[in-house]
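Student: Before we start, here is the structure in question, set down as structure tokens.
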Ligand code: PMV
């Protein structure tokens, strides 16, 4: 167990103290077969976090802001598969076998990734070090396509563990939300923005777009004994943005060569990083203002500039990281040309990968369809796919969630969303009716 983690985090420390007491009083006993469940959406950052503060655990160097991708979700179930260490005087007897953690990701039994195992061992260390746990997690979007599955995955996992431990009994609503939020952040930075919308429903979220900021608390209340270093909050968005649509152009679905953890470490080795960070508070405030004020042009421009800058930082570190491919550049060029020609309200963004995300107002669907039609005429894009979240999910599209159903969960509106074959077939009405 990583004891520093609790020492550094007064909130998690206090909750741990309270739960240990509950456990001593026999209120926190887990048994074989107990399970917990949660679902969380992915998100796409319009202002990106890239780089973490040295010496602090999962604290970003800059505030970030994302659109919640309510219809791209992870659903996760954790279930106890037996207790291993007999407790001696309340402490595990470490002479026994190590409790096993197993995982099934998207319908396949896998070796649990080291990062996930560490996360679970830390989260359970105090309350239930002696249980074997099975994690069943399913995304309703294809993996390695550019939709961040670690964001939705860790938020859903933290939510599922909270459900397993029955934390509702010991924490009030705000504390429970903060607990899920903190653990999500420790799992994966961007998951902290997804955790705000983690819940126990498998339903797609409402069609209203929601924005979440992960903010550095540099001006934290100095009177507070231990001010938080960062916090997550839902942003006020003008009605103009309530129907902001999203789709993804999948140009390459192979796993990326350098993961974000390594990328975050390299960020500080780029000479451009300090320039980026110097103007970041201003950019963050401008973005919040543009979002609240309904200034589509400003949101679009700020988001595109930010993505470009993050990729410039990536490309100029000690180990240059080039996530954009030549196809990405061509697609973005065509997108911007078409957008400008039509004065359409749409913009792009790009995470640590080659697949651009397009965000658009419903009225811009026609211009976006033109972009796809043009790409479809270009042979280099013959393997490109477009991924659009369904708004209404036909029952027959629900696949791959049987394991959860067997565990008694009602699966209402989840789908493994099929990618649309050949982007030249995508018309504005297809874009609109999904
Ligand atoms: O959540 P992480 O630690 O995997 O990092 C995600 C980083 C970006 O997706 C590139 C940007 C962001 O803010 O989501």
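Read the figures in this text as sums done on the coordinates, not as results from a lab. What you are looking at is a predicted structure, and each value in this text was computed from that prediction instead of being measured. Ideal geometry is used to build each Cβ from the backbone, glycine not excepted, and the neighbour counts take in all protein chains shown.
Student: For the stretch 294-337 and the stretch 42-58, what is the centre-to-centre distance using only Cα atoms, to the nearest Å?
Tutor: 17
Student: On to the next question. Whole Å is fine, so just give me how far the alpha carbon centre of the stretch 363-378 lies from that of the stretch 227-277.
Tutor: 25
Student: What shape does the stretch 247-296 take by its C-alpha gyration tensor, where a ≥ b ≥ c are the square roots of the eigenvalues and a/c under 1.5 counts as rounded, a/b above b/c as prolate, and the rest as oblate?
Tutor: Verdict is oblate for the stretch 247-296.
Student: In degrees between 0 and 90, to the nearest 10, how far off the longest principal axis of the chain does helix 280-293 point, with axes built from Cα atoms?
Tutor: 70
Student: Please compute the Cα-Cα pair-distance distribution of the chain with 20 Å bins starting at 0, giving whole percents from short to long.
Tutor: The calculated distribution, bin by bin, is 25, 57, 17, 1.
Student: In which sequence would 77, 145, 217 go, from the one with the fewest C-beta neighbours within 10 Å to the one with the most?
Tutor: The order, fewest Cβ neighbours first, is 217, 145, 77.
Student: Taking Cα atoms, how many degrees apart are the long axis of helix 114-125 and the longest axis of the chain, rounded to 10 and kept between 0 and 90?
Tutor: Compared with the principal axis, the helix lies near 40 degrees.
Student: Taking only the alpha carbons of the stretch 253-360, what extent do you get along each of the three principal axes, in Å, biggest first?
Tutor: Extents along the principal axes: 39, 32, 19 Å.
Student: Here is a further query. Explain nothing, just the number: relative contact order of the chain, from Cα pairs under 8 Å at least 6 residues apart, as a whole percent.
Tutor: That works out to 17 percent.
Student: What shape does the stretch 1-79 take by its C-alpha gyration tensor, where a ≥ b ≥ c are the square roots of the eigenvalues and a/c under 1.5 counts as rounded, a/b above b/c as prolate, and the rest as oblate?
Tutor: Oblate shape, in that a/c is at least 1.5 and b/c is the bigger or equal ratio.
Student: Compute the acute angle (0 to 90°) between the alpha-carbon long axis of helix 149-164 and the principal axis of greatest extent of the alpha-carbon atoms of the chain; round to the nearest 10°.
Tutor: 30
Student: Counting other C-beta atoms within 10 Å, which of 3, 316 has the fewest, and how do the rest follow?
Tutor: 3, 316
Student: Further, regarding this structure: Kindly put 248, 28 in sequence by how many other C-beta atoms sit within 10 Å of each C-beta, fewest to most.
Tutor: By the 10 Å Cβ count, ascending: 28, 248.
Student: Right, another one. Only Cα pairs within less than 10 Å get springs; with that Gaussian network setup on the chain, which residue of 105, 275, 120 has the largest fluctuation?
Tutor: Top of the fluctuation ranking is 275.
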